[in-house]
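The values are calculated or read from the model by the stated rules, or taken from the named source; none is laboratory data. Just so you know, these numbers come straight off a predicted model, no measurement behind them. Virtual Cβ from ideal backbone geometry, glycine too; neighbours counted across all protein chains shown. Note: accessible area is taken over every heavy atom of the protein model, side chains too, but ligands, DNA and RNA are not part of it. Shrake-Rupley method; radii C 1.70, N 1.55, O 1.52, S 1.80 Å.
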Amino acid sequence: MKIGLQLGYWGAQPPSNAEELVLEAERAGFDGIFAAESWGSDAFTPLAWWGSRTSRVRLGTSVAQLSARSPTSCAMHALTLDHLSGGRCVLGLGVSGPQVVEGWYGAPFAKPLARTREYVSIVRQVLAREAPVRNAGPHHPLPYDGPGSLGLGKSLRPITHPLRADLPIWLGAEGPRNVAQTAEIADGWLAVYYSPRIAATYEDWLAEGFARPTARRSREEFEIAASCQVVVTDDPAAERARLKPSLALYIGGMGAPGMNFHAELFRRMDYGSAVDDVERLFAAGRREEAVAAVPDEMVDDIAIIGDADAVRSRVREWERAGVDTLLVGCRETGHLRGVADALGLAEDL
C-alpha cells in the first residue's frame with residue numbers, strides 16, 4: 001500500500017505548515033503529495049512551489065477541475081510540472097458540481113461524462129504530440145468555429161515536447177457510470193469516501209469499463225487512490241467527532257438539492273436515513289444537529305482510526321479491497337510521523 005499526503009485546498013489563508021509537512025512526508029516514506037482546488041487556491045501552484053523542495057515523491061492534482069481550464073491549458077500545466085519535477089506529475093481531474101461549474105466558472109454542467117471523455121482525449125493528444133490537436137466534439141471543439149469565431153483557428157502541436165506521452169491521468173468519480181468510464185479512459189481512479197464494505201460494488205462498476213473494447217488499461221495496470229483519513233490515536237471517539245463536521249458539510253451543503261453526489265454516495269452505502277437527517281438539518285441552518293446526526297459507523301466506514309495495530313489491520317483490509325494508494329490529510333508532522341511509523345513506510349525506502 002502506498003501513502004500520499006493530501007494537502008487539499010486552502011481555506012481563508014495558506015496553511016502555515018504545508019512546506020514542513022511536504023518535506024517530512026518525503027523523509028518519512030510517503031509516495032506522493034497531492035493538492036486540490038475548489039473556488040480559491042488552485043491545485044498546480046502548491047505542487048510546483050512546495051514540490052520543488054522534493055526529489056522523489058509524485059506530485060498529483062486531486063483534483064484539478066475540468067471547467068477551470070481548457071483541455072489544452074490543463075495539458076500545458078501538466079507537461080510543465082512533469083518537466084520541472086523530472087517525470088513525477090500525476091494529473092487528477094474531476095468535473096466538480098453544478099454549483100461551482102455554473103456559479104464560479106460560468107460554464108454549463110450538463111453532460112459531465114461526455115465532457116470528461118473529450119477533455120481527456122484532448123489532453124492525451126497534447127501529451128502524445130503526434131499530430132496537431134483536433135477535436136470535433138461539441139464541448140471542446142478544436143479549432144473553434146462556433147459563434148464569434150473569425151474562422152482563423154489553426155490546429156497546433158505543443159511547442160514544448162512533453163516529457164512523457166503516458167503521463168498518468170486519474171479521474172475523480174463517484175457514480176457507477178462515471179466510475180465505469182474512468183476504468184475505460186483513465187490510468188487511475190481517485191475515490192472519495194471509499195468504503196471497503198462495498199468493494200464488490202466498486203469492482204463491478206470498474207469491470208464494466210475494463211470490458212469495453214476501447215479500455216486503456218486492465219484492472220492489474222490500473223491504480224485506485226482513495227482519500228482516507230488515517231489517524232493513529234488512543235482516543236478514536238475524539239477523532240470521529242473531529243471528522244463529523246466535514247462529513248455533515250459535504251453531505252448537507254456541498255451540492256444542490258436533489259443533486260449532491262456525496263450524499264448519493266452515502267445512500268449507496270445504506271445510510272439513506274442518516275443522509276436525509278443531515279440534509280434536512282443542514283438546510284434548516286441547524287448545523288450542530290446536522291453534525292450530531294452523522295453516525296459513528298459512517299465515519300468508521302470511510303476512515304481508519306485507532307492505535308497502531310488497529311491502523312495496520314484496517315490498512316490491510318483496504319488493500320485487500322483493491323486500494324493501491326491512500327491519500328491522507330495530516331494536520332501536523334506528529335500526525336504524519338504516527339502514520340508513517342505505524343505502517344513502516346521509511347523501511348521501504
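Take the residues in the range 327-348 that are outside any helix (DSSP H, G or I) and out of contact with any Asp or Glu (no Cβ under 9 Å at 6 or more places or on another chain), then tell me which one is surrounded by the most Cβ atoms within 10 Å (Cβ to Cβ). It would help to see each step written out before you state the result.
Applying the first criterion (outside any helix (DSSP H, G or I)) to the range 327-348 yields 327-332, 344-345.
Restricting the remaining residues to those that are out of contact with any Asp or Glu (no Cβ under 9 Å at 6 or more places or on another chain) gives 327-329, 331, 344.
Working: L327: 29, V328: 24, G329: 18, R331: 12, G344: 10.
It comes out as L327.
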>> Anything in the range 175-210 that is surrounded by 17 or more Cβ atoms within 10 Å (Cβ to Cβ) and part of a loop (DSSP other than H, G, I, E, B)? List them, or say none.
In response: A186, D187, V192, Y193, Y194, S195
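Taking the options E289, E319, name whichever one is in contact (Cβ under 8 Å) with a residue 24 or more places away in the chain, surrounded by fewer than 21 Cβ atoms within 10 Å (Cβ to Cβ) and not β-branched (V, I, T).
Values: E289 fails: in contact (Cβ under 8 Å) with a residue 24 or more places away in the chain.
Every option except E319 fails the conditions.
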>> When the residues of the range 107-156 are narrowed to those that are part of a loop (DSSP other than H, G, I, E, B) and among the acidic types (D, E), which ends up farthest from M259 (Cα to Cα)?
In response: E130
> Of D301, D309, D277, which residue is over 20 Å from the mean Cα position of the chain (by Cα), surrounded by 15 or more Cβ atoms within 10 Å (Cβ to Cβ) and not in a loop (DSSP other than H, G, I, E, B)?
Replying inline: D277
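Which one of these is at pLDDT 95 or above, out of contact with any helix residue (DSSP H, G or I) (no Cβ under 8 Å at 6 or more places or on another chain), of a type in the set (S, T, Y) and open to solvent by less than 50 Å² (accessible area, probe 1.4 Å): S85, S70, S62?
On the way: S85 fails: out of contact with any helix residue (DSSP H, G or I) (no Cβ under 8 Å at 6 or more places or on another chain); S70 fails: open to solvent by less than 50 Å² (accessible area, probe 1.4 Å).
Going through S85, S70, S62 in turn, just one is at pLDDT 95 or above, out of contact with any helix residue (DSSP H, G or I) (no Cβ under 8 Å at 6 or more places or on another chain), of a type in the set (S, T, Y) and open to solvent by less than 50 Å² (accessible area, probe 1.4 Å): S62.
So which residues in the range 26-59 are in a strand (DSSP E or B) and open to solvent by 10 Å² or more (accessible area, probe 1.4 Å)?
Initial filter on the range 26-59 (in a strand (DSSP E or B)): 32-35, 58-59.
If the condition is that a residue be in a strand (DSSP E or B) and open to solvent by 10 Å² or more (accessible area, probe 1.4 Å), then R58 is the only one that fits.
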> Among the numbered criteria (1) surrounded by 14 or more Cβ atoms within 10 Å (Cβ to Cβ); (2) touching a residue at least 24 places away in the same chain (Cβ under 8 Å), which single criterion is violated by D166?
Replying inline: (1)
> Which residue pairs have Cβ atoms under 7 Å apart, sit 6 or more places apart or on different chains, and have a first residue in the range 128-151 that is at positive phi and a second that is part of a loop (DSSP other than H, G, I, E, B)?
Replying inline: R129/R157; R129/P158; R129/H161; R129/P162; G151/D145
